[in-house]
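Step one of this worksheet: look at the structure below.
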């Protein structure tokens, strides 16, 4: 079974995860720009592939009052593009604490935690999303993958895989999920058979005492 992170294709190739925000160079004329202009320049920088500059502008636009609802998605996107996954988390989490019902963002943060090698945090966030949004298919899928491949929690992984198939039986991942379920069911059946055989074995004199 392959480990698949499907929320952000960029995460597959990412390895960097700086803890600090990108700092504007000394002498940079950010101080003279209004929030709207900072946001516009941030988008322009992102469009040209200058992700560090884009992060500086977009972060500054939020600091000066630009709508975080509008700027944060672009800010996180440029951080991911620059392999700054930890920075993306640092930007996202304060907003998520103020807006805990933003399940799409929580799902994204979970994926980012996978990208920085913190599967326990990813699992916690995904469990919350799956609990609060039980009819959303993708959180069940990713949670099942994490449970199976990071924690060997196969019983719970099967539960979430099955729920995913109930919600998205014709999705592009459905065949993969069915194959994963077959493997997990087969493994569970093998383990159960071994346990039954062990319980049926005659007990030795030492074990009986």
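The values are calculated or read from the model by the stated rules, or taken from the named source; none is laboratory data. Quick caveat: nothing in here was measured; it's all calculated off a predicted structure. Cβ sites come from the backbone with ideal geometry, for glycine too, and all protein chains shown count toward neighbours.
Below is a table of values for the structure above.
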read-out: Subset of the stretch 168-186 that is surrounded by fewer than 16 Cβ atoms within 10 Å (Cβ to Cβ) and in a helix (DSSP H, G or I) - its residue that is nearest to the chain's Cα centre (by Cα); value: 174
read-out: Test: residue 107 is under 29 Å from residue 69 (Cβ atoms) and surrounded by 14 or more Cβ atoms within 10 Å (Cβ to Cβ); value: yes
read-out: Failed item, numbered, when residue 173 is tested on (1) over 22 Å from residue 106 (Cα atoms); (2) at pLDDT 95 or above; value: (1)
read-out: Test result for residue 135, over 30 Å from residue 68 (Cα atoms), surrounded by fewer than 19 Cβ atoms within 10 Å (Cβ to Cβ) and modelled with pLDDT of 95 or more; value: no
read-out: Single residue of 158, 162, 121 found to be within 10 Å of the chain's Cα centre (by Cα) and assigned to a helix (DSSP H, G or I); value: 121
read-out: Helices (runs of 4 or more DSSP H) (entirely within the stretch 1-83) containing at least 3 residues that are at pLDDT below 95 and not assigned by TED's automatic domain parsing to the domain that holds residue 180; value: 10-13
read-out: Out of 143, 105, sole residue that is without any contact (Cβ under 8 Å) to a residue 60 or more places away in the chain, assigned to a helix (DSSP H, G or I), over 22 Å from residue 57 (Cα atoms) and under 10 Å from the mean Cα position of the chain (by Cα); value: 143
